[in-house]
Amino acid sequence: MAAGGLAGLLPAQTQLEYALLDADTPQEKENLVYQYLKKMDSRERDLTVPELGGDLQWLNTEGPISLHKDLCGKVVVLDFFTYCCINCLHLLPDLHALEHQYSDKDGLIIVGVHSAKFPNEKVLDNIKSAILRYNIVHPVVNDADATLWHELEVSCWPTLVILGPRGNMLFSLVGEGHREKLFLFTSITLKFYKEKGEIKDNNIGIKLYKDSLPPSPLLFPGKVTVDDSGERLVIADTGHHRILVTRKNGEILHTIGGPNSGRKDGRFSEAAFNSPQGIAIKNNVIYVADTENHLIRKIDLELEMVTTVAGIGIQGVDREGGAKGEEQPISSPWDVIFGNSVSGTQEDDVLWIAMAGTHQVWALMLEGGKLPKGSDLKKGVCLRFAGSGNEENRNNAYPHKAGFAQPSGLSLASEEPWNCLFVADSESSTVRTISLKDGAVKHLVGGERDPLNLFAFGDVDGAGINAKLQHPLGVTWDKKRKLLYVADSYNHKIKVVDPKMKNCATLAGTGEASNVLGSSFTRSTFNEPGGLCVEESGRLMYVADTNNHQIKVLDLETKVLSMALPILNPEACDVPDNLPVQRDKITKLPKLPKSAPNIQLPSLTVAPGQTIQFLLKLTLPPDSKLNEEAPSSWFITAEDNSWLLQGQCLFGEIKDVSCQTVIPFQLPRSCLSAEAILAVKACLYYCSKGSSACMMKGISFSQPLQIASTSQGSLTQVELIHAFLTN
């Protein structure tokens, strides 16, 4: 048994830690650890870890693992973690490096013991998503009831426990920042037990969950923002380590970085990011919170260049700052937003940064200026603005004395009477405000009054402290309605807050983690949405629905969740510079068989610049399936109205008829005629399951357009439905 849990290790390991402080050379340190192991190994009774329950769920393995059978003869590092915790994430690079140096053949196994803080983190599918997001490649057990945590009397996240080959506890390391000790203790333990002949070199059955995933256009998108024109979106495609700039119909304009993680400035084709999160765009400049590189990056869309403007590429521990950006170490920036200094003459001369890793809000001075309660600062300086660095839910009139707990989302209301930053403070499950007049930090909704209680979470609509959230990651301000929207991530909802009354209510989502495009906001579902934004006009909201790998579009006027934004690769789109080029491309489109029906649709009144979404729903005859070898596709034509097609995505593949295909089409801002006809056509190749016979069938939908001069709303949906009845 683990008599006394980790406390049983404390006397001997404390003695070792003090001796290591006095050791001058690596050899001395190794000898001290070796002598410690001899002492621990010769104890009358091992401090053993109890067996994990056989009913626990395992990930990244071929089946359940027994600590005392399967891992007998291995040195085991148990990582007690919870996937929301920034300190746990900071530890992962150390574990990646350790398993890169030693494999199971060398006798080392790392086992993640997921011990949830939030109820949402107990769900296996959510842990699966986190394992993929953070590229965890060792076995992970879902200890949802924290059984082993309590048995060993673990007290905080993260905690590492190193076991010998008999399941005997040898060392514990609490918190982050122990890389040198982790490598020292592990290497000497392997050496010690190899000399004793107790290390086995058998393989452990690893089966990575990520290997079974189908490819998708987006992978765990963390944040999304829209430019002032409303025409361009910027998406942090976090899991693909890249930034996408798209049109509002989803057509990709720029791909910057990816698909692999890295750290490199330069041209778009060579630049590299590592799990980027927050993004802010102004004109043709984008700033990026390059989270796992601990950097702030600048993207220039005109020059097509990426540069680093803050951070040194390794995790910083400085809680004050004040150096020039590229010389200032920072820690896990999670969001960025433009703002104004107190004394500056230029708009957007400050970049506010949610510095999740040090539980603070920082500022990068894009021009010289002054911050509230601060002195004059030079251009390029990066420094702490609010937060002591202690992980707390502490409000205070003095910004440096306030405490945050992993701030992960920022938004700004510059107008009176607000003139503040809104902060999604994830680990305290609150939304807070920071005054841009005097820096005072105040509570808005969620959490509770005790600044040290970071467990006051839930899913309750209400006012102020009576409202409850669960690990919110994003906020966005609606200038038109004077409302704040919150990505209540672990409740899988979007909430709306009236900052005047401090009321918080559910706007969208059922609370179930799934992917339903419902007929109304409250029937639609999300899965850990991480970020959101509202276009300047106040009509559309875009949500980074992180674990569904989608950007969802919500119409705030009709209260309809209109679609998941289709991400369209440039090679699948026709973006002509001139019409002759376009005509050449159109000639390559498939020709429909003469028997293809032509369905006349009712006339549609639209306005210049409006987006039409065609929802194509096709049904094959019974016992038929699409021929995977032949390219079924949709395409758009407009005879005698080729001006309609300028800059449009004109064709795309149809890979699955069991779900509808969304075809976006945006009318030009300048229309050459008051009437036009658009044709949406589909060409399908399908086979009868019972024979080798394959068919080519087609369908054409003719959509007359009446183009009005006044706005008809920003989005209209048209269903295109047809069933192919016989073979």
- Query: Which value, in Å² rounded to 10, gives the accessible area of Asp55 with a 1.4 Å probe and all protein chains present?
  - Reply: 130 Å²
- Note on the structure: Counting sequence-distant residues (5 or more places) and residues on other chains, those with an amide H built under 5 Å from that of Ala402 are Gly387, Ser388
- Query: Taking 0.36 nm per residue of separation and subtracting the Cα-Cα distance, what length does fully extending Leu452 through Arg523 add?
  - Reply: 22.0 nm
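Distance cut-off 24 Å, Cα to Cα: go down the list Lys298/Lys437; Lys69/Lys210; Lys223/Lys379; Lys223/Lys495; Lys482/Lys559; Lys617/Lys689 and report the pairs above it. Don't jump to the answer; show the numbers that get you there.
On the way: Lys298/Lys437 28 Å; Lys69/Lys210 27 Å; Lys223/Lys379 27 Å; Lys223/Lys495 17 Å; Lys482/Lys559 17 Å; Lys617/Lys689 21 Å.
As for pairs spanning more than 24 Å Cα to Cα, those are Lys298/Lys437; Lys69/Lys210; Lys223/Lys379.
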- Message: Whole-Hz ³J(HN,Hα) for each residue in region 460-471, computed from phi via Karplus 6.51 cos²θ - 1.76 cosθ + 1.60 with θ = phi - 60°, x for glycine and proline: what do you get?
- Response: 10, 6, x, 10, x, 6, 6, 6, 10, 10, 9, 6
- Query: DSSP loop chymotrypsin sites (Phe, Trp or Tyr not before Pro) in region 307-395 with at most 12 other Cβ atoms within 10 Å of their Cβ, which ones?
  - Reply: none
- Message: Can you give me the angle between helix 86-101 and the longest principal axis of the chain, using Cα atoms only, in degrees from 0 to 90, rounded to the nearest 10?
- Response: 80 degrees
- Spelling it out for His492: with amide H atoms placed in the peptide plane at 1.01 Å from N, the residues 5 or more places away or on another chain with amide H under 5 Å from its amide H are Glu528
- Asp211 versus Arg267, label points 7 Å from Cα toward the beta carbon: distance in nm? 3.7 nm
- Message: Using a 1.4 angstrom probe on the protein heavy atoms only, could you order Asp459, Asp228 from most to least accessible area?
- Response: Asp228, Asp459
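Going by average Cβ density within 10 Å per residue, which order do the peptides 98-106, 610-618, 404-412, 160-168 take, highest to lowest? Walk me through the numbers on the way to the answer.
Details: 98-106: 14.9, 610-618: 19.2, 404-412: 27.0, 160-168: 21.4.
Ranking, from highest mean packing down: 404-412, 160-168, 610-618, 98-106.
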- Note on the structure: Residues whose built amide H sits under 5 Å from the amide H of Gly230, excluding neighbours closer than 5 in sequence, are Glu536
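In whole percent, how big is the carbon plus sulfur part of the accessible area of the chain, probe 1.4 Å, protein atoms only?
On the way: 14900 of 29640 Å².
C and S atoms contribute 50 percent here.
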- Task: For helix 10-22, report the angle its Cα long axis makes with the longest principal axis of the Cα atoms of the chain; keep it between 0 and 90° and round to the nearest 10°.
- Result: 90 degrees
- For Leu725 paired with Ser537, estimate the spin-label separation in nm (one decimal), with each label point 7 Å from Cα along the Cα-to-Cβ line. 4.2 nm
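Evaluate Rg over Rh across region 214-570, taking Cα atoms for both radii and Kirkwood's formula for Rh. Could the numbers behind the result be given before it?
Details: Rg = 18.5 Å, Rh = 19.7 Å.
Reported Rg/Rh (Cα atoms, Kirkwood Rh): 0.94.
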- Note on the structure: Once both label points are put 7 Å beyond Cα along the C-beta direction, the Ala708-Ser595 separation in nm becomes 4.2 nm
- Message: Can you pull out the trypsin sites (Lys or Arg not before Pro) in region 337-397 whose DSSP state is coil and whose Cβ has at most 12 other Cβ atoms within 10 Å?
- Response: Lys378
- At a probe size of 1.4 Å, how large is the accessible area of Arg43, to the nearest 10 Å²? 90 Å²
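Find, among the GluC sites (Glu not before Pro) in region 119-167, those assigned to loop by DSSP (not H, G, I, E, B) with at most 15 other beta-carbon atoms within 10 angstrom. Spell out each step's value before the answer.
Working: sites: Glu121, Glu151, Glu153; in loops: Glu153.
Of the GluC sites (Glu not before Pro), the ones in loops of region 119-167 whose Cβ has at most 15 other Cβ atoms within 10 Å are Glu153.
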- Query: In square angstrom, rounded to the nearest 10, how much accessible surface does Cys659 have for a 1.4 Å probe?
  - Reply: 80 Å²
- Task: Per residue of region 391-405, in order, report the coupling 6.51 cos²θ - 1.76 cosθ + 1.60 (Karplus, θ = phi - 60°) as ³J(HN,Hα) in whole Hz, putting x for Gly and Pro.
- Result: 7, 8, 10, 10, 9, 7, 5, 9, x, 6, 9, 6, x, 10, 10
- Message: Compute the distance from the alpha-carbon center of region 308-385 to that of region 222-265, in whole Å.
- Response: 23 Å
- Percent of beta bridges antiparallel (DSSP, the chain, rounded to nearest 5): 85 percent
- Task: Please arrange Glu347, Glu251 by accessible surface area, largest first, computed with a 1.4 Å probe and ligands excluded.
- Result: Glu347, Glu251
- Message: What do you get for the angle between helix 26-41 and the principal long axis of the chain? Use alpha-carbon atoms, 0 to 90 degrees, nearest ten.
- Response: 80 degrees
- Task: Provide the per-residue ³J(HN,Hα) series for region 165-178, in order, calculated from phi with Karplus coefficients 6.51, -1.76, 1.60 and θ = phi - 60°, each as a whole number of Hz, with x at glycine and proline positions.
- Result: x, 9, x, 8, 6, 10, 9, 9, 10, 9, x, 9, x, 10
- Kirkwood hydrodynamic radius of the chain from all distinct Cα pairs, in Å? 28.0 Å
- Message: Accessible area per residue for the chain in Å², computed with a 1.4 Å probe and the full protein assembly in place, what is it?
- Response: 41 Å²
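Counting Lys and Arg as +1 and Asp and Glu as -1, each charge on the Cβ, what is the dipole of the chain about the Cα centre in debye, to the nearest 20?
Dipole about the Cα centre, nearest 20: 980 debye.
The values are calculated or read from the model by the stated rules, or taken from the named source; none is laboratory data. Bear in mind the structure is a predicted one, so any value in this text is a computation, not a measurement. Glycine gets a Cβ as well: all are built from the backbone with ideal geometry, and neighbour counts include every protein chain shown. SASA here: full protein model, heavy atoms, side chains in, ligands and nucleic acids out. Shrake-Rupley method; radii C 1.70, N 1.55, O 1.52, S 1.80 Å.
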